[in-house]
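Engineer: Quick one: this structure, given as structure tokens, is what I'll be asking you about.
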Amino acid sequence: HVTEYFDGRTLQQWMLDNPAPDLESVRSIIAQIALGLRALHRKDVLHLDLKPGNVMIDANGLVKIIDFGSSLAASWTEENGRATHLVPAGTADYAAPEHLTGAPPSNRSDIYSLGVIAYEMLTGHLPYGKGITSAAQVKKLSYIPASSRRKDLPDWVDAALEQAVKKSPAERTEALSALVENLRKPNSGLGFGREKPLIERNPVAFWKGVSAILLVACLALAMLAALS
């Protein structure tokens, strides 16, 4: 088969070249990826392997999605029965949890992957850390606030990222357009205005505080034992 020649670099390389991108640059790239995914979804096709290595960017900032080897078309499923879609090899960090739990994939599976990409572009990290490879691990996942990784990130942007990567598809951002909009302006419905507990705002500081309290308690007990 013949494919288009695209002179550019992968988003993975772009992130290496731009380790601390400004918010507007990230919004532009995410919006373009969302447009491509919407075109697929309108044809009842799910990409299901969206990751930085499967997104290309040319010198003018034009974005294109590539590699449809793991895509799933509704027409194929109707003809061949319900498909069991496994996580593509090497991409578990970006695949939605339903790949591992056995739930059927949907457009929100691609939204999850796009949310992970947006999070990584802004922070250089993944929202749940690396190494998610089993359904048992999914239950233990805990979102790491993007604002704890990047202090200049507005709380409302963090709230948009958090909703996009919810473990449950039912709680996840329901539309690509909503994700793009939530990254552009505050959505009070996401609850970003509430004061988050310290463990969410700064997990490291929280556990340091707990350790300090335990140390003081142990010293106090040791002193009491010595006096008695």
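Rule-based calculations on the coordinates, nothing more; no lab input. As the structure is a prediction and not an experimental result, all values here were calculated from the model. Cβ atoms come from the backbone with ideal geometry, glycine included; neighbour counts cover every protein chain shown.
Engineer: If R₀ is 41 angstrom, what is the calculated FRET efficiency for the pair Ser28 and Phe68, using the beta carbon separation as r and rounding to 0.05? It would help to have the intermediate numbers written out before the result.
Structural biologist: Working: r = 23 Å, r/R0 = 0.57.
FRET efficiency, Ser28 to Phe68: 0.95.
Engineer: Could you sort the peptides 153-162, 62-71 by per-residue average Cβ neighbour count (10 Å cutoff), highest mean leading? Before the final figure, lay out each step's value.
Structural biologist: Values: 153-162: 21.5, 62-71: 15.7.
Put in order of decreasing packing, that is 153-162, 62-71.
Engineer: Hey, which of these cross-link pairs are over 30 Å Cα-Cα: Lys43/Lys140; Lys140/Lys208; Lys51/Lys140; Lys64/Lys185; Lys64/Lys130?
Structural biologist: Values: Lys43/Lys140 35 Å; Lys140/Lys208 21 Å; Lys51/Lys140 23 Å; Lys64/Lys185 25 Å; Lys64/Lys130 26 Å.
In this structure, Lys43/Lys140 exceed 30 Å between Cα atoms.
Engineer: Please give every one of the aspartates and glutamates within straight-line cross-link reach of Lys167, meaning a C-alpha to C-alpha distance under 14 Å, and leave out same-chain neighbours fewer than 8 residues apart.
Structural biologist: The qualifying aspartates and glutamates are Asp93, Glu98, Asp110.
Engineer: Hey, how many Å between the Cα centroid of segment 10-48 and the Cα centroid of segment 146-166?
Structural biologist: The distance from the Cα centre of segment 10-48 to that of segment 146-166 comes to 17 Å.
Engineer: Moving to a separate point now. Could you list which residues have their amide H under 5 Å from that of Gly191, counting only those 5 or more apart in sequence or on another chain, with H placed in the peptide plane?
Structural biologist: none
Engineer: If you bin every alpha carbon distance in the chain into 10 Å steps from zero, what whole percent lands in each bin?
Structural biologist: Final binned percentages: 7, 29, 32, 17, 7, 4, 2, 1, 0.
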